[in-house]
Each structure stands twice: as C-alpha cells, then as structure tokens.
Amino acid sequence: MHLVVVNYDKDIERKRVDYLIEKWSKRGRIEKIKKTAIIVDVDDIDEFVKEISSKLEGNEEEKLKLYKIEEVKKKIPKERKILKYKINDREFLEKFIDYLMAKMGGSYVSSIGKTAKYEIYTKKGRGIIKITLNSNIIFEIEGYGEVVDFLSEKIDEEMSFIVKGG
C-alpha cells in the first residue's frame, strides 16, 4: 500500500488526477482521501495521536487511522523522440508550424534562438515540443508515457503532406 500525495495548482490538474483515479480503481484498491491527511514527523507521535484523539467525537478507531510511511524518491525518465525533415520553403514552413501547433492545441511557451517551445495537453498526457528551424526542421518531443509516440505520429502524418508536396 502506498500513500501518493499530489499537489496541484489548477482545477484542470485535479480533474485529470480524478480521471486517473477512476481509471486505475479498476485495477486495484484506490481510495481518494476525503478527510484531512497530515504528514507528521515529530519525536512523540503517541502524544500527538492522544491529543488529536481527544478532539474527536464518537469512535476514534473509525475516525483516526495511523500509517507509517516513508518518502520514495522515484525518478521516472521522460520519453523523447526527434523527427527531422528536409525543407525548402522556410517562409511557408513558419506559417505551417503556427497552423500545426494551433491544430494540435499547442500553447507557445518560449523561444531561444531558432528554437520555439510549445506545450500540448492531450488525452494521452502532456507533451513538450521544441521546434528548430534551420535548413531542416527538427521536432523534439518529450513527455511521459504514450504522449510522445502519439504526438510524433500526428506530426509525421502532417509533415508527410509537406515533404511529399515540397
């Protein structure tokens, strides 16, 4: 059994987490805590529990559960894919990138030199796409899980029309 603490800032993140809880609840026991969860690291946990028990009404055994936990540092590597295409018409391609990112729901994040960075949310997850435009166009896609392959396939499909037509 694991305690997973997810801190989110936006309601949309909470909804995404709720969706995953519902999806994964079919695979095992997942309980979304609708109570107060407190991570306590004190010298005298027994005294803390006694004091908190004195504040509760009714059967404290039903209302108060104590688990021993330890933080697990889990580094999950990002998936990454690079797509590279030879291009001729740079001006057309700059407009095409704007169209493509809008079509895929990409939000512009920043630019450094000839590289623009976009963020895209899909049902497969969140992906980051860095697009570098030189004599080639390079798409660097990164994220977790299925989103990288999903976005790569979409980009490759759209670019196949340009590369064949160009």
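The values are calculated or read from the model by the stated rules, or taken from the named source; none is laboratory data. Just so it is clear, the model here is predicted, and its values are computed rather than measured. In this analysis, Cβ positions are derived from the backbone assuming ideal geometry, glycine residues included, and neighbour counts consider all displayed protein chains. Calculation scope for accessible area: heavy atoms of the full protein, side chains included, ligands and nucleic acids excluded. Shrake-Rupley method; radii C 1.70, N 1.55, O 1.52, S 1.80 Å.
Structure summary
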item: Count - residues of the range 123-145 that are of a type in the set (D, E, K, R), without any contact (Cβ under 8 Å) to a residue 24 or more places away in the chain and touching a strand residue (DSSP E or B) at 6+ places or on another chain (Cβ under 7 Å); result: 2
item: Selection from the range 79-115 of residues that are in contact (Cβ under 8 Å) with a residue 24 or more places away in the chain, surrounded by 13 or more Cβ atoms within 10 Å (Cβ to Cβ) and outside any helix (DSSP H, G or I); result: Glu79, Lys81, Leu83, Tyr85, Ile87
item: Selection status of Lys130, closer than 30 Å to Asp46 by Cα and within 26 Å of the chain's Cα centre (by Cα); result: no
item: Residue count for the range 36-75, restricted to those that are in a loop (DSSP other than H, G, I, E, B), open to solvent by less than 100 Å² (accessible area, probe 1.4 Å) and aliphatic (A, V, I, L, M); result: 8
item: The range 7-31, residues that are at pLDDT below 85, closer than 20 Å to Val72 by Cα and loosely packed, with under 10 Cβ neighbours inside 10 Å; result: Asn7, Glu31
item: The lone exception for Glu153 - which of (1) farther than 24 Å from Lys15 by Cα; (2) in a helix (DSSP H, G or I); (3) open to solvent by 90 Å² or more (accessible area, probe 1.4 Å); (4) at pLDDT below 95 it fails; result: (4)
